[in-house]
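Derivation of every value follows stated rules applied to the coordinates shown; laboratory data play no part. Given the structure is predicted, the values throughout are model-derived calculations rather than measurements. Note that we place each Cβ from the backbone using ideal geometry, even for glycine, and neighbour counts take in every protein chain shown.
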Amino acid sequence: MDKWFNVGKIVNTHGIKGEVRVVSTTDFPEQRYKAGNMLYLFMPKSTNPIELTVKNHRSHKNFELLTFEGLENINEVEKFRDGILKVPESQLGDLEEDEFYFHEIIGCVVITEDGEEIGKITEVLTPGANDVWTVKGKGGKEVYIPYIHDVVKKVNVKEKKVIIKPMEGLLS
């Protein structure tokens, strides 16, 4: 049984030629949405995924626009709205050193170099130049940790631990 990973959500159609608008949740849109790649669409209230082969991909504003082989008009793809696009674990590629998949980071405990536990990573934000990790601390307070070498000193995804050196003002 494969473990599945979200790569995007179909939020609407685009035009009349079968293009769908996707809010992407992958760090690798060029790789995931490459022509010929297989994606699996999980619709709400359905347990069986629909296999889709990417025909074309382009970015437009804050969305990824996709067309799928054999689906060339709006009537064939309208029903895909609100579906989640996923890939099986077997399609995850190897990463470079110091690169991680979101699912590996979420749930890690963040600890300072001095041994103070800050909390658990609950979300990974991708606002621009670097990722930002949302850490839910004691009492529900959220702390935002930039994923930069000056702050994040060690990541151990097997032990689910991240060691940081907080910059001045980061934890206050």
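What percent does the relative contact order of the chain come to when contacts are Cα pairs within less than 8 Å and at least six residues apart?
18
Pick from Thr112, Thr26, Thr13: which residue has the top mean-square fluctuation in a GNM of the chain where Cα pairs under 10 Å get a spring?
Thr112
How about the stretch 87-172: which trypsin sites (Lys or Arg not before Pro) there lie in a loop by DSSP and see at most 16 other Cβ atoms within 10 Å?
Lys141, Lys158, Lys160
Among Asp27, Asp150, rank each residue by its count of other Cβ atoms within 10 Å, from fewest to most, as a rough exposure measure.
Least crowded to most crowded, the residues run Asp150, Asp27.
What ³J(HN,Hα) values, in whole Hz, does the Karplus curve 6.51 cos²θ - 1.76 cosθ + 1.60 give for the stretch 152-169 when θ = phi - 60°, with x put for Gly and Pro?
Karplus-based 3J(HN,Hα) across the stretch 152-169 equals 7, 9, 8, 10, 10, 6, 5, 8, 6, 10, 10, 9, 10, 10, x, 6, 4, x Hz.
At 222 nm, what helix-only mean residue ellipticity would the chain give, in deg cm²/dmol to the nearest 500, using -39500 (n - 2.57) for each DSSP H run of four or more?
-1000 deg cm²/dmol, from helical runs alone.
List Thr47, Thr67 from most exposed to least, where exposure is judged by having the fewest other Cβ atoms within 10 Å.
Starting with the residue having the fewest Cβ neighbours, the order is Thr47, Thr67.
What is the Cα centroid distance between the stretch 69-118 and the stretch 140-172, reported in whole angstrom?
20
Where does each of Val110, Val155 land when they are ranked from fewest to most other beta-carbon atoms within 10 angstrom?
Val155, Val110
Tell me, what ³J(HN,Hα) does each residue in the stretch 136-145 have, in order and in whole Hz, if you take phi through Karplus 6.51 cos²θ - 1.76 cosθ + 1.60 with θ = phi - 60° and put x for Gly and Pro?
Karplus-based 3J(HN,Hα) across the stretch 136-145 equals 8, x, 4, x, x, 5, 9, 10, 10, 10 Hz.
Here are some values of Cα extents along the principal axes in Å: (1) 78, 47, 24; (2) 58, 35, 31; (3) 76, 34, 27. Which one was computed from this structure?
Correct label, based on the coordinates given: (2).
Please give the contour-minus-distance gain from Asn62 to Ile163: 0.36 nm per residue of separation, less the Cα-Cα distance, rounded to one decimal in nm.
33.1 nm
Under a plain spin-label model, where a point goes 7 Å from the Cα along Cα-to-Cβ, how far apart in nm are Glu113 and Asn12?
Here the modelled spin labels are 4.8 nm apart.
Which whole-Hz couplings ³J(HN,Hα) result when phi for each residue of the stretch 5-13 is put into the Karplus expression 6.51 cos²θ - 1.76 cosθ + 1.60, θ = phi - 60°, listed in order with x for Gly and Pro?
Values per residue, Gly and Pro as x: 10, 5, 10, x, 10, 7, 9, 5, 8 Hz.
Pull out the extension gain between Leu170 and Thr126, defined as 0.36 nm times the separation in residues minus the alpha carbon to alpha carbon distance; nm, one decimal.
In short, 14.0 nm is gained.
Which lysines does Lys165 reach when only Cα atoms under 25 Å apart count, and residues fewer than 8 places away in its own chain are ignored?
Lys120, Lys136, Lys138, Lys141, Lys153, Lys154
Using Cα pairs closer than 8 Å and at least 6 residues apart in sequence, work out the relative contact order for the stretch 4-89, in percent.
Rounded, it is 43 percent for the stretch 4-89.
What does the extension gain come out to for Ile106 and Ile50, with contour length at 0.36 nm per residue minus their alpha carbon separation?
Length gained between Ile106 and Ile50: 17.4 nm.
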